[in-house]
Amino acid sequence: MDEIITYPAFNPEFMSLLDILRAALSGKGEIRQQNFAPVIAEARRQTVDGIILSFLAGKGLLPPEEKMRAIARILALEKANSRADIQVAGLVRLLEANGIRHAVMKGQTVARFYPDTQLRIPGDIDVYVAEQDFRRACLLLEEQGYTNTDFTMLHATYSKKECTEVELHFAVQKLQWLPHFRSLQRMTRKYVDNAKPHYTVIAGERIPVLPPCMEAVLLTVHAFNHVLNGGLGLRQVLDWMLGMQCLEKDIDKTVLVEMLRDTGMTRMFRTLYYICSRHLGMSLDATAWNGTGLLHVTEKNEKTGMELMHWIGEAGNFGHSLNLSKIQYYLLFLKNCWRFRRLNRKEMFVYPFMKIKRGITGENHLRK
């Protein structure tokens, strides 16, 4: 019999959602839920309802009316993903025709790690652009009818009627401790800007993506940033898990160890591994990782992992269900800096000061 996982103090809907995700993605676990409506609502809150609906409908576990709603939702997801894929392909053609070095990341490229690429809930389109080409890329989008709606410490955001929002990144991710951020920028220049491109296929087109080690770092840092800002949802956790499983054979483990160490992300990596292997049926080749120490989960990793699981269950994806005022948001941010300090002490220490600095100076970017 498959192992039955227990979840101390988790709410019942979240417990059942983990059971179903584990069964859907790994074939392990026992589904103990009978009424799936609350679980589907929790899946929407965590932005993983595509996988859940497809699994339940495919197993014949939904009554006819709920099954029809599930099919309608799946068809809508497929349409949205197809539209976004076509847009990604068009953006790549535009940038390549103008000699702009870039790599599409997260979003539509992470979907390739899923059992069905059309079941991942689509978000915006993230494109990293090399520093020297960034301004030209922005102008190109404006020439194509896109409007700049925001400029943050990480990217410029562009929108266009009936199109998915596009974020042009001048850094793959943000980190607050300056030595960590500089290390990440050096890696990006070495492995992306000045290296042979890596490709995947989307909408019949070759799409440049980050190389495997950089993608593993991005998925780890991205999840870390969500812990403090907005809320870490199961979607980011699944992105990391499925990405690591698919990229495992192509990752240079020695290089990855150095990258995680230089960005302070080793503990975050181990904690995510604990969560995914314990609760979601993640399977990695332990022999291939032997000697790296990255799969060596300590008691502290387990404790932080359980705290993080409670936060995921509480906040949901982007924390949309929390309905916080601005003051409540900042108080929660400070609380998270403290309770998750083991993940990266330097980042947690400096992050509040960086927020204060940006509030005083009005500088909301890291380009300088």
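Just so it is clear, none of the values below were taken in a lab; they were calculated from the coordinates. Remember, predicted model here, so these are calculated numbers, not experimental data. Cβ atoms come from the backbone with ideal geometry, glycine included; neighbour counts cover every protein chain shown.
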* From phi via Karplus (6.51, -1.76, 1.60), per-residue ³J(HN,Hα) for the stretch 193-210 in Hz, x at Gly/Pro -> 4, 10, 10, 5, x, 9, 10, 10, 10, 9, 6, x, 10, 6, 10, x, 10, 5
* How do 146-153, 76-83, 117-124 rank on mean C-beta neighbours within 10 Å, highest first? -> 117-124, 76-83, 146-153
* Order of Tyr273, Tyr114, Tyr330 - criterion: other Cβ atoms within 10 Å of each residue's Cβ, fewest first -> Tyr330, Tyr114, Tyr273
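In whole percent, what relative contact order does the chain give with Cα contacts below 8 Å and a gap of six or more residues? List each step's numbers first, then the result.
Working: 492 pairs, mean separation 62.2, N = 368.
17 percent.
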* Asked: Rounded to the nearest 500, what is the chain's calculated 222 nm mean residue ellipticity when only DSSP H runs of at least 4 contribute -39500 (n - 2.57) each, over all residues?
  -> -17000 deg cm²/dmol
* Asked: Here are several values of Kirkwood radius over Cα pairs in Å: (1) 20.6; (2) 23.3; (3) 21.4. Which one was derived from the coordinates shown?
  -> (3)
* Enumerate the calculated ³J(HN,Hα) couplings along the stretch 95-102 in order (Karplus 6.51 cos²θ - 1.76 cosθ + 1.60, θ = phi - 60°), each rounded to whole Hz, writing x wherever the residue is Gly or Pro. => 5, 5, 5, 9, x, 9, 6, 8
* Asked: Non-local amide H neighbours of Tyr199 (under 5 Å, H modeled in plane, Pro and chain starts lacking H): which ones?
  -> Val209
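Give Lys79/Lys196; Lys59/Lys106; Lys303/Lys335 a once-over and call out the pairs whose C-alpha atoms are over 25 Å from each other.
Beyond 25 Å between Cα atoms: Lys79/Lys196; Lys59/Lys106.
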* Local electrostatic count at Arg73 - Lys and Arg +1, Asp and Glu -1, tallied over other residues with Cβ under 14 Å -> 0
* To do: Beta carbons within 10 angstrom, averaged per residue: use that to sort the peptides 63-70, 89-96, highest first.
  => 89-96, 63-70
* Asked: Using the Cα gyration tensor of the stretch 1-133, with a ≥ b ≥ c the square roots of its eigenvalues, what is the shape: rounded (a/c below 1.5), prolate (a/b larger than b/c) or oblate (neither)?
  -> prolate
* To do: Check cross-link reach from Lys190 to the lysines: straight Cα distance under 18 Å, and skip same-chain residues fewer than eight apart.
  => Lys174, Lys253
